[in-house]
Amino acid sequence: MSATATRADNGVNVEALLGARQALTDTPAAAQFKWRASCSWVRGTHSKSTVQSFFGLGSEQSHRTEFSFEADHPEVFASEDMGATPVEFVLVGLASCLTAGIAAVAQNRNIQLRSVKATVEAGMDLQGILGIDSDVRNGFDAIKVVFDIDADASKEDINALVAQSQKRSAVFDIVTNPTNVSVEVR
Amino acid sequence: MTLAGATDVVVIGAGHSGLAMSRYLSAASVDHVVLERGEIANSWRRERWDSLRLLTPNWQTRLPGLAYRGPVPDGFMTMSEVIAFIDDYAKVVSAPVRTFTSVNSVTAEDGGYQVSTERRVWRARAVVLANGSSSVPDLPPLSTALPPSIRSLTPREYRNPKQLDDRGVLVVGASASGVQLADEIQRSGRRVMLAVGEHIRMPRTYRGRDIQHWLDAMGVLDERFDAVDDIVRARRVPSPQLIGTPERATLDLNALTSRGVEIVGRLAGVADRKVQFSGSLRNHCAMADLKLNRLLDRIDEWIGNHDVGRGVGAPERFAATQVPQHPRLRVDLEAERIGTVLWATGFRPDYRWLQLPAFDRKGRLKHDGGIVDAPGLYALGLNFMRRRKSSFIHGAEDDVRDLGDHLVAYLRRTTSSAAPPTSTFPALGLKARHYVDSAILRAQFR
């Protein structure tokens, strides 16, 4: 076997993904997914969220098991620091989405990954959430993601991987583009 | 010496506030001059759109010494009527106005101020900034990011829909200006999209009377700057969604939607030649509805506790703001034939010529209810400056009385106290005296 015929193995079942893409092109209704989470207040700023069910492929689906996440704020906020800060969950979501995308795209492009590491940092001016200055937004002023990638590919190909993963990333879209949000009380 | 141009007080601006202050100063026998860059009521003449009428009813259009006496107390003055009213007022008060006299700079000088105009340099012991709170359109930074084919227009330049090409218009901001302009342009047959952030919803009439009647009667408009929780926030509250029309019509987002205006969220960004709108529209509308209902509850409660006479209607509640199921978040202006963005994003006063350390880090004038952070310097007519009504025409009366009292006391104090013997420093007498006084004053103001 020649080197070019070697299939990279990043643990991503690209054939299944491509098959799903074809199937969902034929039956767009099945492509409609609903993602869910529920969150219960514990005390103070501490809450516990769980995810298990979701909807997709035309029916109710479920994760193998229920996952749970503790969220809180650090002690410098006079909180008890029982979990990551909600804004850090956003960073986790962005980094893990981009990383998953890199693996999938690399697999599709037959690039073997050895290590992929993302570090994310986001700036925030607390004058926003504290209501000190109404010109300051509540959220991040910017997010910076830095990837260290060791792979059997040229620098250009790795850059192209990272670019393509942003183009197809749900969380990248969520944090870069507005989304209608409705919040109701039952 | 350049005492030829000396006076006690220079009032900058011959609008309703400056003229009301002139009347006060004349009554107190204070030597003063009113400098006006154009004509009396200049911004009402040149910086308003054609169809604009006052948001306040005629009965509320009053100044110390002059009030509306016409046949339609519940009507709303057109711009030409406002100009005539202010012109009349200048005659009534015999104000010493110097028209077509632009101020180029105001600097601190010998414990007083030097006010430079093209023709003359005035020295004054005190200065009143009455040049208006709505001089410069306050544009968001992203206003410069629009594609070049899109025309950017502010309400200061807008006159009527004939100025526009036949493409659609994105109106940014849903305060009084924004809803009025969206309505007028939609009625002209052009497509209109209205970007809505935080806003104040108000019916024109409630229980048979103008909403201003209730706000006035309940004392809401008299609420003082030092009695509210957060004055910085209160001063930023956008103007309520009101229009003055002979029909006394309410102009809220539901009315606009029913006429075909498309409402979208707050303008959030410009990217890839598309404008982006925030997904917070539903929340902004829900907040405005909640605040409206709180206000109506307050009015109902007040009516219940007061003898309001006959002719008061039953309590009403208005339909919740209808928000589109999926408000649009991204619009390609060129592809959708939207040719103009009209920035109804508010105004700020123009103090570019005020060369004094009287501004905060964000460039806002530092003042305590109109008493500026520089001795002998006063402002008039700013949003919620001393009272909620400070920026209204009828708000001038109480503010002018308060600040006039303060100003006259300041002039007396700086004339009588702490004058060093001029014989010691004959040449520098005036200067030395003013330095001492301003030091004393600074200590007093701390």
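The values are calculated or read from the model by the stated rules, or taken from the named source; none is laboratory data. Predicted model, so just to flag it, every value in this text is computed and none were measured. Cβ placement follows ideal geometry from the backbone for every residue including glycine, while neighbour counts extend to all protein chains displayed. What goes into the accessible areas is simple: the full protein's heavy atoms, side chains included, and nothing from ligands, DNA or RNA. Shrake-Rupley method; radii C 1.70, N 1.55, O 1.52, S 1.80 Å.
In table form, for the structure just shown:
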quantity	calculated
Inter-part distance where the range B:26-63 and the range A:126-178 are each reduced to a Cα centre, Å	51 Å
Degrees, to the nearest 10: B:396-416 long Cα axis against longest axis of chain B	20 degrees
Residue-wise HN-Hα coupling along the range A:67-73, computed from phi with Karplus coefficients 6.51, -1.76, 1.60 (Hz; x: Gly, Pro)	9, 10, 9, 8, 10, 7, 10
Chain B - percent of accessible surface contributed by carbon and sulfur, probe 1.4 Å	50 percent
Simple spin-label estimate for B:A217 and B:L142 in nanometres, 7 Å along Cα-Cβ	4.3 nm
Phi-based couplings in Hz for the range B:375-381 (Karplus 6.51, -1.76, 1.60; Gly and Pro marked x)	x, x, 10, 10, 10, 9, x
Cα Rg, Dmax, the range A:88-170, angstrom units	16.0, 51
Rough spin-label spacing in nm, given labels placed 7 Å along Cα→Cβ, for A:T25 and A:F77	4.5 nm
Pairs of alpha carbons in the protein assembly as shown whose separation is greater than 38 Å (percent)	49 percent
Simple Cβ-charge dipole of chain A, Lys/Arg +1 and Asp/Glu -1, about Cα centre, in debye nearest 20	680 debye
FRET efficiency estimate (nearest 0.05) - Cβ-Cβ, B:R233 to A:A37, R0 35 angstrom	0.60
Cα shape, the range B:163-265, gyration tensor, a/c 1.5 rule	oblate
Carbon plus sulfur fraction of accessible area for the range A:1-65, probe 1.4 Å, in percent	57 percent
Surface per residue (accessible, 1.4 Å probe) for chain B, Å²	45 Å²
Shielding by partners, peptide B:323-331 (average Cβ within 10 angstrom, other chains)	2
Top of B:G265, B:G311, B:G178 by mean-square fluctuation, Gaussian network on chain B, Cα under 10 Å	B:G311
Normalised convex hull volume, chain B, alpha-carbon set, Å³ per residue	164 Å³
Among A:V92, A:V136, A:V14: highest mean-square fluctuation, GNM of chain A, C-alpha pairs under 10 Å	A:V136
Low-density loop cleavage sites - GluC sites (Glu not before Pro) in the range B:154-205, where at most 15 other Cβ are within 10 Å (DSSP)	B:E157
At most 16 other Cβ within 10 Å, DSSP loop - trypsin sites (Lys or Arg not before Pro), the range A:1-98	A:R7, A:R36
For the pair B and A, total buried accessible area rounded to nearest 100 Å², probe 1.4 Å	1000 Å²
Backbone HN-Hα couplings from phi across the range A:27-33 [Karplus 6.51/-1.76/1.60, Hz, Gly and Pro as x]	10, x, 4, 5, 7, 7, 10
Pairs from B:K291/B:K366; B:K366/B:K389; A:K34/A:K167 whose Cα-Cα separation, in the structure shown, is over 23 Å	B:K291/B:K366
Contour excess over end-to-end distance, with Cα ends at B:T99 and B:S80 and 0.36 nm allotted per residue	5.0 nm
